[in-house]
Amino acid sequence: MENRKIIHVDMDAFFASVEQLDFPEYRNKPLAVGGNSERGVIAAASYEARKFGVKSAMSSKMAAKMCPNLIFAKPRFERYKEISKEIRLIFARYTDIIEPLSLDEAFLDVTENKLNIKSATFIAQAIKNDIKNELNLIASAGVSFNKFLAKMASDQEKPDGLFIIRENEAMDFIFKLPIHRFFGVGKVTADKMIKLGIPTGKQLNQQSIEFLNSHFGKSGTYFYNISRGQDFRPVESLRERKSIAVESTFIIDIFDKYSFEKEATKITKNLWIRYSKQRQFGKTLSLKIKFNDFSVNSKSKTTTQEINSEKILLQMSTDLIDSIFPLKKPIRLIGFQISGFKKESIERNNYFQSEMDF
């Protein structure tokens with residue numbers, strides 16, 4: 001396969017940066033988006049907060065201890081989506097082969113691009129400049145010949161980074177890379193690899209595909225390939241939506257059914273707002289609850305017809321709630337997820353591609 005020119009663009013501290021952009025009083029101060037000083041989880045942290053060790057997915061309580069002057073801001077996902085669409089339009093000036101991973105990052109294939117620019121590095125810098133000049137936000141970019149290495153490159157010189165991994169540099173980069181930094185290797189897998197004597201890419205490269213498959217199942221082949229700089233996955237501009245979810249963590253634990261139903265209604269209404277914008281329908285609704293001891297339980301309900309109205313969604317949520325009461329112990333989180341989307345036609349997917357999140 002001829003080498004491709006792939007760019008991975010990652011917005012730096014995206015949610016926090018948007019808050020600092022919109023609210024001058026947050027600028028140059030440690031800021032966390034999500035939760036509060038007592039409950040919840042951090043969705044994003046500004047670089048000023050990261051200096052204290054605050055990071056995403058950390059409990060708000062721990063973050064507040066690490067950074068006593070930390071400011072908490074409530075997430076505004078509609079605003080983040082609005083900005084991400086503007087970023088998506090910047091990408092589209094250069095290529096239509098764009099694969100969003102989330103609101104704040106995406107892969108771009110610029111092997112053949114709209115402006116016939118030969119240098120992928122030049123395009124990456126141009127995109128960074130456009131985002132900075134037009135939106136006053138900072139992005140980092142990685143450039144390489146496949147998705148795995150482009151993703152790794154974008155994380156090398158944050159914030160405001162631009163890092164290139166050429167074909168003749170790939171193996172040296174991979175050999176030196178700590179195993180926990182590998183894209184697709186989570187904490188549990190990284191810990192397991194270290195116990196197996198695989199602390200870096202060099203040791204991973206030395207393992208046979210049989211050894212890796214025996215210890216890591218289907219992921220073993222992926223690990224075998226990336227340790228050799230091989231990733232043949234294309235940048236997929238049409239990504240099938242698998243689920244849509246909304247959840248909420250509470251400051252005070254909930255135990256009675258009235259409070260549960262009140263909060264659940266708010267969540268399902270927010271879910272309907274997000275779901276109704278997708279213009280495709282699912283058939284399964286799942287309820288997730290997290291108890292005050294952090295144990296998690298879930299229930300699902302599938303209909304023969306599509307969930308195509310808010311009334312149906314609310315009725316299904318009511319049925320799920322009835323199935324879990326009375327509660328065994330207080331809960332601190334409620335979440336609802338819609339899944340079971342039917343595959344859309346190519347024509348319909350092409351139509352809705354223009355509205356896809358960043």
(message) Return the pair list, or none, for Cβ contacts closer than 9 Å from residues in segment 35-59 that are free of Cβ contacts under 8 Å to residues at least 60 places away in the same chain to residues that are in a loop (DSSP other than H, G, I, E, B) and among the acidic types (Asp, Glu), at least 6 apart or on different chains.
(response) Ala44/Asp104
(message) I'm trying to understand the selection: among the residues of segment 277-336, which are without any contact (Cβ under 8 Å) to a residue 40 or more places away in the chain and on the phi > 0 side of the Ramachandran plot?
(response) Phe294
(request) Could you run through segment 87-97 and say how many residues are assigned to a helix (DSSP H, G or I) and exposed (fewer than 14 other Cβ atoms within 10 Å of the Cβ)? (result) 1
(request) Only one of these is under 30 Å from Lys61 (Cβ atoms), loosely packed, with under 13 Cβ neighbours inside 10 Å and in contact (Cβ under 8 Å) with a residue 60 or more places away in the chain: Ile251, Ile244. Name it. (result) Ile251
(message) With the structure loaded, tell me whether Gly229 is modelled with pLDDT of 90 or more and either buried (at least 19 other Cβ atoms within 10 Å of the Cβ) or of a type in the set (D, E, K, R) (or both) or whether it fails that test.
(response) yes
(request) Report yes if Pro30 is of a type outside the set (Gly, Ala, Ser), over 23 Å from Glu134 (Cβ atoms) and buried (at least 19 other Cβ atoms within 10 Å of the Cβ), otherwise no. (result) yes
(message) Out of Thr111, Thr95, I need the residue that is touching a residue at least 40 places away in the same chain (Cβ under 8 Å) and outside the structural domain of Pro24 (by TED's automatic domain parsing). Which one?
(response) Thr111
(request) Enumerate the pairs (first residue in segment 8-30 and farther than 17 Å from Pro100 by Cα; second residue anywhere and assigned to a helix (DSSP H, G or I) and β-branched (Val, Ile, Thr)) with beta-carbon separation below 7 Å, excluding pairs fewer than 6 apart on the same chain, so at least 6 apart or on different chains. (result) Val18/Ile83
(message) Kindly evaluate Thr249 against the criterion of being modelled with pLDDT of 90 or more, under 23 Å from the mean Cα position of the chain (by Cα) and not in a loop (DSSP other than H, G, I, E, B).
(response) no
(request) Name the helices (runs of 4 or more DSSP H) wholly inside segment 99-187 in which the number of residues that are within 14 Å of Asp231 (Cβ to Cβ) is 1 or more. (result) 147-154, 170-176
(message) Let me spell it out: the conditions are (1) surrounded by fewer than 20 Cβ atoms within 10 Å (Cβ to Cβ); (2) in a helix (DSSP H, G or I); (3) of a type outside the set (A, V, I, L, M, F, W, C); (4) not assigned by TED's automatic domain parsing to the domain that holds Ala45, and Ser84 meets all of them except one. Which number is the exception?
(response) (1)
(request) Could you check, for segment 41-56, whether at least one of its residues is touching a Lys or Arg at 6+ places or on another chain (Cβ under 9 Å) and within 25 Å of Asn292 (Cβ to Cβ)? (result) yes
(message) Given the criteria in a loop (DSSP other than H, G, I, E, B) and polar (S, T, N, Q), does Ser56 qualify?
(response) yes
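Taking the condition modelled with pLDDT of 90 or more, more than 30 Å from Asp109 (Cβ to Cβ) and not polar (S, T, N, Q), does Lys269 pass?
So Lys269 fails the test.
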(message) Go through (1) buried (at least 21 other Cβ atoms within 10 Å of the Cβ); (2) out of contact with any strand residue (DSSP E or B) (no Cβ under 8 Å at 6 or more places or on another chain) for Gly186 and report which single condition fails.
(response) (1)
(request) Could you grab me the full set of residues in segment 6-51 that are assigned to a loop (DSSP other than H, G, I, E, B), farther than 30 Å from Leu149 by Cβ and touching a Ser or Thr at 6+ places or on another chain (Cβ under 8 Å)? (result) Lys29, Pro30, Gly34, Gly35, Asn36, Ser37, Glu38, Arg39, Gly40
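The values are calculated or read from the model by the stated rules, or taken from the named source; none is laboratory data. Just so you know, these numbers come straight off a predicted model, no measurement behind them. Quick reminder, even Gly has a Cβ in these numbers, built from the backbone with ideal geometry, and neighbours come from all protein chains shown.
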